[in-house]
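First the structure, in the form of structure tokens, and then the observations on it.
Rule-based calculations on the coordinates, nothing more; no lab input. Small disclaimer: the values here were computed from a predicted structure and weren't measured. All Cβ positions, glycine included, derive from the backbone under ideal geometry; neighbour counts span all protein chains shown.
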Amino acid sequence: MASSKEYLEFVLEQLSGLEGITHRKMMGEYIIYYQGKVIGGIYDDRFLVKQTDSAKRLLPGCRLELPYENAKEMILVEDIDNRELLEKLLPEMYEELPAPKKR
């Protein structure tokens, strides 16, 4: 099942307090970038982020889910309505994520 444009717009609105949020559509799903780094994506109308120490700390008891078959597990952001949490989560994750690969 592909993710809906409406859910993408909802997640982007929740992240609107952060500068540098971009997205790219890929095979019916959406990759989410923060300041040029991939932080996660929207898969089957679920907002999933990469597993980092800060994400695990800020989302205690988080559920790990597969974005798609044969992928690495990612953290399901269940409290998507909590803008304050999201505005803290992404900047902290940013520091732990690798720089984008040069093309």
Just to be sure, is residue 102 among the basic types (Lys, Arg) and surrounded by fewer than 17 Cβ atoms within 10 Å (Cβ to Cβ)? yes
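A quick yes/no check of all residues on (1) in contact (Cβ under 8 Å) with a residue 12 or more places away in the chain; (2) under 21 Å from residue 3 (Cα atoms); (3) part of a loop (DSSP other than H, G, I, E, B); (4) not β-branched (Val, Ile, Thr):
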site: 42; (1), (2), (3), (4): yes, yes, no, no
site: 48; (1), (2), (3), (4): yes, yes, no, yes
site: 62; (1), (2), (3), (4): yes, no, yes, yes
site: 80; (1), (2), (3), (4): yes, yes, yes, no
site: 86; (1), (2), (3), (4): yes, yes, no, yes
site: 91; (1), (2), (3), (4): yes, no, no, yes
Can you name the number of the only condition in (1) under 18 Å from residue 55 (Cβ atoms); (2) surrounded by fewer than 13 Cβ atoms within 10 Å (Cβ to Cβ) that residue 26 fails? (1)
When only residues in region 1-23 that are part of a loop (DSSP other than H, G, I, E, B) and either of a type in the set (Asp, Glu) or within 11 Å of the chain's Cα centre (by Cα) (or both) count, which is surrounded by the most Cβ atoms within 10 Å (Cβ to Cβ)? 15
